[in-house]
Amino acid sequence: MYGRKQEVKLYHTSNTEIREPDVHRGRKNADFGQGFYLSPDVDFTYRWAGRDAVVNEYELDENGLLIHRFQRDEEWFSYIFHNRRVMDSLSVDVVIGPIANDTIFDTLGVISSGYLKPADAMKLLMIGPEYTQVVIKTEKAARQLHWIRSERIEALDAAQRNAEQEAYVTAFAGKIQEIFGKEDV
(Lines give C-alpha, C1' and ligand atoms only; values in the text may rest on other atoms or scores of the structure.)
Protein backbone atom coordinates (compact mmCIF):
# COMPACT_ATOMS: atom_id res chain seq x y z
CA MET A 1 0.00 0.00 0.00
CA TYR A 2 1.51 3.33 -1.07
CA GLY A 3 2.35 5.82 1.68
CA ARG A 4 1.79 3.32 4.48
CA LYS A 5 4.48 3.12 7.13
CA GLN A 6 6.24 -0.22 7.28
CA GLU A 7 7.23 -0.71 10.90
CA VAL A 8 8.85 -3.79 12.35
CA LYS A 9 9.27 -4.72 16.03
CA LEU A 10 12.84 -5.61 16.94
CA TYR A 11 14.69 -6.59 20.12
CA HIS A 12 18.23 -6.11 21.38
CA THR A 13 19.72 -7.75 24.47
CA SER A 14 22.35 -5.89 26.46
CA ASN A 15 23.37 -5.31 30.06
CA THR A 16 21.76 -1.87 29.96
CA GLU A 17 18.88 0.08 28.49
CA ILE A 18 19.80 1.52 25.09
CA ARG A 19 17.49 4.31 23.96
CA GLU A 20 19.82 5.68 21.27
CA PRO A 21 21.82 2.93 19.55
CA ASP A 22 25.32 3.64 18.22
CA VAL A 23 25.93 2.00 14.82
CA HIS A 24 29.70 2.55 15.15
CA ARG A 25 30.17 0.73 18.45
CA GLY A 26 29.90 -2.92 17.32
CA ARG A 27 32.68 -5.16 16.01
CA LYS A 28 33.70 -4.61 12.40
CA ASN A 29 34.22 -8.36 11.91
CA ALA A 30 30.74 -9.48 13.02
CA ASP A 31 28.43 -11.55 10.74
CA PHE A 32 26.98 -8.55 8.91
CA GLY A 33 29.77 -6.08 9.67
CA GLN A 34 29.70 -3.16 12.05
CA GLY A 35 26.32 -1.94 13.20
CA PHE A 36 23.63 -2.29 15.84
CA TYR A 37 22.32 -5.89 15.96
CA LEU A 38 18.71 -6.77 16.72
CA SER A 39 16.28 -9.62 16.14
CA PRO A 40 12.56 -9.76 15.36
CA ASP A 41 12.49 -13.19 17.05
CA VAL A 42 11.26 -12.25 20.52
CA ASP A 43 11.40 -15.84 21.84
CA PHE A 44 15.03 -16.17 20.72
CA THR A 45 15.90 -12.82 22.27
CA TYR A 46 14.49 -13.72 25.70
CA ARG A 47 15.69 -17.33 25.68
CA TRP A 48 19.28 -16.40 24.84
CA ALA A 49 19.53 -13.40 27.15
CA GLY A 50 22.15 -13.78 29.86
CA ARG A 51 21.53 -13.41 33.55
CA ASP A 52 20.53 -9.85 34.54
CA ALA A 53 20.20 -8.85 30.89
CA VAL A 54 18.08 -6.01 29.58
CA VAL A 55 15.90 -6.68 26.55
CA ASN A 56 15.25 -3.45 24.65
CA GLU A 57 12.26 -3.29 22.33
CA TYR A 58 12.27 -1.05 19.25
CA GLU A 59 10.22 -0.27 16.20
CA LEU A 60 11.97 0.25 12.86
CA ASP A 61 10.33 2.37 10.18
CA GLU A 62 11.64 0.72 6.98
CA ASN A 63 10.34 3.44 4.64
CA GLY A 64 13.06 5.04 2.55
CA LEU A 65 15.79 2.69 3.79
CA LEU A 66 18.02 0.64 1.52
CA ILE A 67 17.66 -2.90 2.91
CA HIS A 68 19.47 -6.08 1.84
CA ARG A 69 17.77 -9.35 2.80
CA PHE A 70 19.66 -12.64 2.90
CA GLN A 71 18.44 -16.24 2.92
CA ARG A 72 20.54 -19.01 4.47
CA ASP A 73 22.41 -19.76 1.25
CA GLU A 74 25.80 -19.32 -0.45
CA GLU A 75 25.43 -15.53 -0.88
CA TRP A 76 24.77 -15.20 2.87
CA PHE A 77 27.70 -17.48 3.71
CA SER A 78 30.04 -15.54 1.42
CA TYR A 79 28.99 -12.22 2.96
CA ILE A 80 29.67 -13.50 6.49
CA PHE A 81 32.97 -15.07 5.36
CA HIS A 82 34.15 -11.70 4.01
CA ASN A 83 32.87 -9.70 6.98
CA ARG A 84 34.83 -11.93 9.36
CA ARG A 85 37.87 -10.60 7.46
CA VAL A 86 36.55 -7.01 7.74
CA MET A 87 35.64 -6.81 4.04
CA ASP A 88 32.03 -5.54 4.07
CA SER A 89 30.86 -5.35 0.45
CA LEU A 90 27.41 -3.81 0.97
CA SER A 91 26.54 -0.13 1.14
CA VAL A 92 23.06 -0.31 2.63
CA ASP A 93 21.19 1.08 5.63
CA VAL A 94 20.01 -2.28 7.01
CA VAL A 95 21.01 -5.93 6.54
CA ILE A 96 18.53 -8.68 7.44
CA GLY A 97 19.24 -12.40 7.42
CA PRO A 98 19.83 -15.58 9.36
CA ILE A 99 22.03 -15.68 12.43
CA ALA A 100 25.04 -17.91 11.76
CA ASN A 101 25.19 -20.94 14.07
CA ASP A 102 27.86 -21.26 16.75
CA THR A 103 30.24 -23.24 14.53
CA ILE A 104 30.77 -20.52 11.94
CA PHE A 105 34.20 -19.58 13.32
CA ASP A 106 35.37 -23.21 13.18
CA THR A 107 33.77 -23.79 9.79
CA LEU A 108 35.45 -20.71 8.29
CA GLY A 109 38.79 -21.87 9.70
CA VAL A 110 38.40 -25.36 8.27
CA ILE A 111 37.57 -23.93 4.83
CA SER A 112 40.59 -21.62 4.96
CA SER A 113 42.85 -24.54 5.83
CA GLY A 114 41.55 -26.58 2.88
CA TYR A 115 40.03 -29.45 4.90
CA LEU A 116 36.43 -28.67 4.01
CA LYS A 117 34.87 -27.74 0.68
CA PRO A 118 32.55 -24.71 0.65
CA ALA A 119 29.60 -26.94 -0.33
CA ASP A 120 30.21 -29.13 2.74
CA ALA A 121 30.56 -26.03 4.92
CA MET A 122 27.10 -24.93 3.76
CA LYS A 123 25.69 -28.30 4.89
CA LEU A 124 27.09 -27.65 8.37
CA LEU A 125 25.81 -24.09 8.49
CA MET A 126 22.27 -25.20 7.58
CA ILE A 127 21.95 -27.24 10.78
CA GLY A 128 19.76 -26.00 13.57
CA PRO A 129 16.91 -23.55 13.88
CA GLU A 130 16.98 -20.39 11.79
CA TYR A 131 16.75 -17.12 13.68
CA THR A 132 16.90 -13.70 12.09
CA GLN A 133 19.22 -10.80 12.78
CA VAL A 134 18.70 -7.23 11.67
CA VAL A 135 21.70 -4.89 11.57
CA ILE A 136 21.29 -1.14 11.56
CA LYS A 137 24.36 0.05 9.64
CA THR A 138 23.80 3.77 9.05
CA GLU A 139 22.84 6.87 11.02
CA LYS A 140 19.84 7.26 8.71
CA ALA A 141 18.51 3.84 9.76
CA ALA A 142 19.33 4.54 13.43
CA ARG A 143 17.14 7.67 13.28
CA GLN A 144 14.27 5.45 12.09
CA LEU A 145 14.74 2.97 14.95
CA HIS A 146 12.50 4.05 17.82
CA TRP A 147 13.00 2.72 21.35
CA ILE A 148 9.73 1.47 22.88
CA ARG A 149 10.65 -0.02 26.27
CA SER A 150 13.09 -2.25 28.10
CA GLU A 151 12.77 -5.17 30.50
CA ARG A 152 15.35 -6.64 32.87
CA ILE A 153 15.62 -10.44 32.64
CA GLU A 154 16.72 -12.18 35.83
CA ALA A 155 16.27 -15.88 35.06
CA LEU A 156 17.55 -18.01 32.20
CA ASP A 157 15.59 -20.71 30.42
CA ALA A 158 18.55 -23.08 30.70
CA ALA A 159 16.58 -26.29 30.03
CA GLN A 160 15.27 -25.11 26.65
CA ARG A 161 18.63 -23.62 25.74
CA ASN A 162 20.46 -26.86 26.64
CA ALA A 163 17.96 -29.03 24.74
CA GLU A 164 18.40 -26.91 21.61
CA GLN A 165 22.20 -27.08 21.94
CA GLU A 166 22.11 -30.87 22.41
CA ALA A 167 19.94 -31.34 19.31
CA TYR A 168 22.31 -29.12 17.35
CA VAL A 169 25.45 -31.02 18.45
CA THR A 170 23.84 -34.35 17.54
CA ALA A 171 22.81 -33.10 14.08
CA PHE A 172 26.26 -31.55 13.53
CA ALA A 173 28.04 -34.81 14.40
CA GLY A 174 25.77 -36.72 12.01
CA LYS A 175 26.50 -34.28 9.18
CA ILE A 176 30.28 -34.53 9.81
CA GLN A 177 30.01 -38.34 9.59
CA GLU A 178 28.08 -38.00 6.33
CA ILE A 179 30.63 -35.55 4.83
CA PHE A 180 33.72 -37.52 5.76
CA GLY A 181 32.16 -40.98 5.43
CA LYS A 182 33.42 -42.22 8.79
CA GLU A 183 31.59 -43.66 11.73
CA ASP A 184 33.99 -42.46 14.44
CA VAL A 185 34.62 -38.78 13.75
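The values are calculated or read from the model by the stated rules, or taken from the named source; none is laboratory data. Just so it is clear, the structure is predicted and the values come from calculations on it, not from any experiment. In this analysis, Cβ positions are derived from the backbone assuming ideal geometry, glycine residues included, and neighbour counts consider all displayed protein chains.
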Under 8 Å by Cβ, and 6 or more places apart or on different chains, what pairs join a residue from the range 55-80 that is of a type in the set (K, R) with one that is assigned to a helix (DSSP H, G or I) and at pLDDT below 90? R72/L125
Say whether the condition of being among the hydroxyl-bearing types (S, T, Y) and part of a strand (DSSP E or B) is met by at least one residue in the range 42-54. no
Name the single residue, out of those in the range 38-85 being touching a Gly at 6+ places or on another chain (Cβ under 8 Å) and either of a type in the set (K, R) or at positive phi (or both), that is surrounded by the fewest Cβ atoms within 10 Å (Cβ to Cβ). R69
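Being outside any strand (DSSP E or B) and among the aliphatic types (A, V, I, L, M) is the filter here, so list the residues in the range 55-67 that pass it. Show your work before the answer.
So in the range 55-67, the residues outside any strand (DSSP E or B) come out as 62-66.
Matches in the range 55-67: L65, L66.
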